[in-house]
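The values are calculated or read from the model by the stated rules, or taken from the named source; none is laboratory data. All figures in this text were calculated on a predicted structure; none of them were measured in a lab. Cβ sites come from the backbone with ideal geometry, for glycine too, and all protein chains shown count toward neighbours. When the accessible area is computed, the model is the full protein with side chains, heavy atoms only, and any ligands, DNA or RNA have been set aside. Shrake-Rupley method; radii C 1.70, N 1.55, O 1.52, S 1.80 Å.
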Amino acid sequence: MGFSDQRFDVNLSILFTELPLLERPAAAAAAGFKAVELWWPWVETPTPERSELDALKQAIEDAGVQLVGLNFYAGQLPGPDRGALSIPGEESEKFRANVDVAADFAASLGCTALNALYGNRVDGVDPAAQDALALENLVLAARAADRVGAVLLVEALNAPESPRCPIVSAPKAIEVVDEVNEATGLGNAKFLMDLYHLSMNGEDLPQVIAAYADRTAHVQIADNPGRGAPGTGSLPLEDLLDQLRKAGYEGRVGLEYKPGDRPSHESFDWLPAGARG
C-alpha cells in the first residue's frame with residue numbers, strides 16, 4: 001500500500017492560489033490530478049452573479065477535472081472566520097442564502113460532498129443559542145445536500161489555530177453529525193476527517209481512524225508541524241492513510257496543504273506522477 005494506492009484531489013483554495021481562480025483547475029490537471037475541491041470561492045458574497053458561477057463551472061469542465069468537494073459560504077476564509085452557520089444575524093442569513101446556490105452549483109458538476117463549517121463563538125451570545133441556530137442551519141444544509149444526492153460534511157478544526165470554534169475534536173464533530181441525522185432522518189451528515197487538524201489537537205489518530213472511519217465521507221491531509229506537503233513535518237501520513245484504507249475508507253484524500261515558498265506545481269514531488277489521477 002502507500003500513497004500510490006490512494007485517490008487524491010487538490011484543494012484549489014490553498015494550492016495554486018498564485019494563479020487566478022479560473023486558471024487553477026487547468027493547473028491541477030497539468031500537474032496530473034483528475035479531481036479538485038474548493039472552499040466557497042466568493043468570500044464576499046453567498047450569491048455571486050450567474051456569470052461568475054458559469055465561468056468557474058466552465059473552467060472546471062474545460063480542465064477535465066471532477067469537483068469532489070465544495071464548502072458552503074463560510075465568511076472570510078482564509079481569514080478570521082471559521083464558518084457562518086452558527087453566527088446570529090447577517091452571517092447566518094448569508095449562509096441560508098447560499099445553501100441552495102452551493103448545492104445547485106455542486107450538482108451541476110456532479111459534486112456529491114458539501115462541507116458546512118460551524119463558525120466561531122460570539123462574545124455576548126449564549127453558546128446554547130448559537131448551537132440551536134447551528135442545528136437549524138445544518139438541517140437546512142443537509143436537506144439541500146440530500147436534494148442533489150450529496151452528503152453534508154461536518155469538519156473538526158484545531159483549537160490552537162481556531163480557539164473560538166467549538167468543533168475542535170473528532171468526538172465533537174461526530175456528536176454534531178449525530179444531531180443533524182437525528183433531526184433530519186436522512187442519514188446524510190458525515191464526518192470530514194482532516195488529519196492535520198486532528199493532529200494539531202493532539203488526538204490519537206489511529207484511534208480516531210478505528211472509531212470513525214465508517215462515519216467518514218471525506219479525508220483531508222497536510223503535514224504537521226507547518227501544514228506543508230507530506231514529508232515536510234513528522235506525521236506518518238502514508239501509514240495513516242493505509243490504516244484508513246484497511247478500516248474501509250474508499251473515498252478521496254484532499255490535499256489541503258500550503259506549498260511553501262515555491263510554486264504549487266513543485267510541491268507534489270512526494271507523489272509519483274502516475275499516482276495523482
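Checking the structure you have, find out if any residue of the range 61-84 is open to solvent by 10 Å² or more (accessible area, probe 1.4 Å), farther than 30 Å from Gly248 by Cβ, in contact with a Lys or Arg (Cβ under 8 Å, 6 or more places away or on another chain) and not small (Gly, Ala, Ser). Among the residues of the range 61-84, not one is open to solvent by 10 Å² or more (accessible area, probe 1.4 Å), farther than 30 Å from Gly248 by Cβ, in contact with a Lys or Arg (Cβ under 8 Å, 6 or more places away or on another chain) and not small (Gly, Ala, Ser), which makes the answer no.
Could you list, in sequence order, the residues of the range 202-254 that are open to solvent by 30 Å² or more (accessible area, probe 1.4 Å), out of contact with any Lys or Arg (no Cβ under 7 Å at 6 or more places or on another chain) and either within 16 Å of Asn115 (Cβ to Cβ) or assigned to a helix (DSSP H, G or I) (or both)? Answer for the range 202-254, where residues must be open to solvent by 30 Å² or more (accessible area, probe 1.4 Å), out of contact with any Lys or Arg (no Cβ under 7 Å at 6 or more places or on another chain) and either within 16 Å of Asn115 (Cβ to Cβ) or assigned to a helix (DSSP H, G or I) (or both): Pro206, Gln207, Ala210, Ala211, Tyr212, Asp214, Glu238, Asp239, Gln243, Arg245, Lys246. Taken over the range 233-268, residues that are of a type in the set (Asp, Glu) and in contact (Cβ under 8 Å) with a residue 12 or more places away in the chain amount to 3. So is Phe16 in contact (Cβ under 8 Å) with a residue 24 or more places away in the chain and touching a His at 6+ places or on another chain (Cβ under 9 Å) or not? When the stated conditions are applied, Phe16 passes them. Among the criteria (1) closer than 22 Å to Asn71 by Cβ; (2) open to solvent by less than 10 Å² (accessible area, probe 1.4 Å), the one Ser199 does not fulfil is (2). Tell me whether the range 149-158 contains one or more residues that are surrounded by 23 or more Cβ atoms within 10 Å (Cβ to Cβ) and in a helix (DSSP H, G or I). Within the range 149-158, not a single residue is surrounded by 23 or more Cβ atoms within 10 Å (Cβ to Cβ) and in a helix (DSSP H, G or I).
Scanning the range 59-111 for residues that are within 15 Å of Val148 (Cα to Cα), part of a loop (DSSP other than H, G, I, E, B) and of a type in the set (Phe, Trp, Tyr) yields a count of 1. For the range 28-58, filtering for residues that are within 16 Å of Tyr257 (Cα to Cα), outside any loop (DSSP other than H, G, I, E, B) and among the hydrophobic types (A, V, I, L, M, F, W, C) leaves 4. Taking the range 22-47 as the range and being open to solvent by less than 10 Å² (accessible area, probe 1.4 Å) and within 11 Å of His265 (Cβ to Cβ) as the test, the residues that pass are Ala28, Phe33.
Quick grid of which residues meet (1) in contact (Cβ under 8 Å) with a residue 24 or more places away in the chain; (2) in contact with a strand residue (DSSP E or B) (Cβ under 6 Å, 6 or more places away or on another chain); (3) farther than 30 Å from Gly260 by Cα:
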site	(1), (2), (3)
Ser108	yes, no, yes
Val125	yes, no, yes
Glu136	no, no, yes
Ala141	yes, yes, yes
Ala144	yes, no, yes
Glu175	no, no, yes
Val219	yes, yes, no
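Answer yes or no: is there a residue in the range 265-274 that is over 26 Å from Tyr212 (Cα atoms), among the aliphatic types (A, V, I, L, M) and either assigned to a helix (DSSP H, G or I) or open to solvent by 10 Å² or more (accessible area, probe 1.4 Å) (or both). Yes, the range 265-274 contains at least one residue that is over 26 Å from Tyr212 (Cα atoms), among the aliphatic types (A, V, I, L, M) and either assigned to a helix (DSSP H, G or I) or open to solvent by 10 Å² or more (accessible area, probe 1.4 Å) (or both).
The single condition among (1) part of a helix (DSSP H, G or I); (2) open to solvent by less than 60 Å² (accessible area, probe 1.4 Å) that Glu175 does not satisfy is (2).
Among the residues making up the range 8-21, those that are more than 16 Å from Val43 (Cβ to Cβ) and surrounded by 15 or more Cβ atoms within 10 Å (Cβ to Cβ) are Phe8, Asp9, Val10, Leu15, Phe16, Leu19.
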